[in-house]
Amino acid sequence: LTLFAGSALLLVPKIGWLGYGWAEFAAIPAFYLVYRLFVSEVGRIDYRLAAAVVAAFAIGLFWQQLGWVSAVGFIGLAIWPLTWKTLREYALQLRALRYE
């Protein structure tokens, strides 16, 4: 955040709104560093379910044009075993927190 804010403070007054984009670009190494630290502490992240949810909602945005076909993504999420496995893990974690 400091890298982005510092870059934006320097670049936006000099080159306008384009400086914001360059500041975002300058902050990419910090995002990578945070990701590497997160992975070393928590472990690798599985993005399959998140990508499936994004895809289902993206298709669902076009329900007026696609009709019932837009529900296929949501139905797929509902019957996908990874969805149920993830929900079960979340429920177990919440139950464990409740009893701590």
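Observations on the structure shown:
- Computed 3J(HN,Hα) for segment 47-55, one whole-Hz value per residue from the Karplus formula 6.51 cos²θ - 1.76 cosθ + 1.60 where θ = phi - 60°, is 8, 4, 5, 4, 5, 5, 5, 4, 5, glycine and proline marked x.
- Selected from A56, A26, A71 as most flexible by GNM, with the chain as the system and alpha-carbon contacts under 10 Å: A26
- HN-Hα J in Hz across segment 19-36 - Karplus 6.51, -1.76, 1.60, θ = phi - 60°, x for Gly and Pro: x, 5, x, 5, 5, 4, 4, 5, 7, 4, x, 5, 4, 5, 4, 4, 4, 4
- To put it simply, the accessible area of the chain at a 1.4 Å probe is 73 percent carbon and sulfur.
- FRET efficiency for R98 and L61, using Cβ-Cβ distance with R0 set to 35 Å, rounded to 0.05: 0.45
- Accessible area expressed per residue, the chain, with surrounding protein chains retained (probe 1.4 Å, Å²): 84 Å²
- Loop-resident chymotrypsin sites (Phe, Trp or Tyr not before Pro) (DSSP state other than H, G, I, E or B) in segment 46-100 with no more than 15 further Cβ atoms inside 10 Å of their Cβ: Y47, F62, Y99.
- Here is the size of the chain from its Cα atoms: Rg then Dmax, 20.5, 56 Å.
- In order through segment 65-78: 3J(HN,Hα) via Karplus (6.51 cos²θ - 1.76 cosθ + 1.60), integer Hz, x for Gly, Pro: 7, 8, x, 5, 4, 5, 7, 4, x, 5, 5, x, 4, 5
- For the chain, the relative contact order is 15 percent, taking Cα pairs closer than 8 Å that sit 6 or more residues apart in sequence and dividing their mean separation by the residue count.
The values are calculated or read from the model by the stated rules, or taken from the named source; none is laboratory data. This is a predicted model, so every value here is computed, not measured. Cβ: placed from backbone, ideal geometry, glycine included. Neighbour counts: every protein chain shown. For accessibility, only protein heavy atoms count, side chains too; no ligands or nucleic acids. Shrake-Rupley method; radii C 1.70, N 1.55, O 1.52, S 1.80 Å.
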